[in-house]
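Take a look at the structure below.
The values are calculated or read from the model by the stated rules, or taken from the named source; none is laboratory data. Only a predicted model underlies this, so the values are computations on that prediction, with no experimental measurement involved. Note: ideal-geometry Cβ built from the backbone for every residue, glycine included; neighbour counts use all protein chains shown.
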Ligand SMILES: [Zn+2]
């Protein structure tokens, strides 16, 4: 899912433990994989290249440091900003805002995707095993329409808030 969704869900989970950011961070980290298992839309990273023979193989792809990568960094930064703003807006509105829970939840929620980047550059265990696990849990069903994709991620956010 997009990082914004991971940030909102991670912060919501961490805000259940406002006095224990380590628990919040860990639960947010786990929530990333649970969210990735749901069929969803994602924006494409333009700097992503296939290194092996199987196109799209997550163990054999890389993010090339190129002008496209700068454009990707801009999208990722915007994605994070939207997530943090949404988390502050929603948690603040619900009277559950805590800065430590936001920091713990947002960082735990996005860390698995940053570890994918670390894997691409280092390609060593435990990053390799984590990359395999990430891909194994990640849904193979992609939603192609961005509008439907974004609406569905908003629905997931609302559902998680109702459940929490
Ligand atoms: Zn992920």
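Below, the figures for the structure above:
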| quantity | calculated |
| --- | --- |
| Test: residue in segment 45-60 that is farther than 21 Å from residue 120 by Cα, out of contact with any helix residue (DSSP H, G or I) (no Cβ under 6 Å at 6 or more places or on another chain) and surrounded by 15 or more Cβ atoms within 10 Å (Cβ to Cβ) | no |
| Odd one out for residue 97 among (1) over 28 Å from residue 155 (Cα atoms); (2) surrounded by 17 or more Cβ atoms within 10 Å (Cβ to Cβ); (3) more than 19 Å from the chain's Cα centre (by Cα) | (1) |
| Positions within segment 35-51 being within 17 Å of residue 134 (Cβ to Cβ) and either without any contact (Cβ under 8 Å) to a residue 60 or more places away in the chain or away from the ligand (no atom under 13 Å from the Cβ) (or both), in sequence order | 39, 45, 48 |
| Among the candidates 74, 17, 69, residue that is farther than 21 Å from residue 132 by Cα, in contact with a strand residue (DSSP E or B) (Cβ under 7 Å, 6 or more places away or on another chain) and either at pLDDT below 95 or not in a loop (DSSP other than H, G, I, E, B) (or both) | 69 |
| Subset of segment 98-132 [away from the ligand (no atom under 12 Å from the Cβ), free of Cβ contacts under 8 Å to residues at least 24 places away in the same chain and under 24 Å from residue 85 (Cβ atoms)] | 99 |
| Those residues of segment 133-148 which are assigned to a loop (DSSP other than H, G, I, E, B) and in contact (Cβ under 8 Å) with a residue 12 or more places away in the chain, in sequence order | 138, 139, 141, 143, 144, 145 |
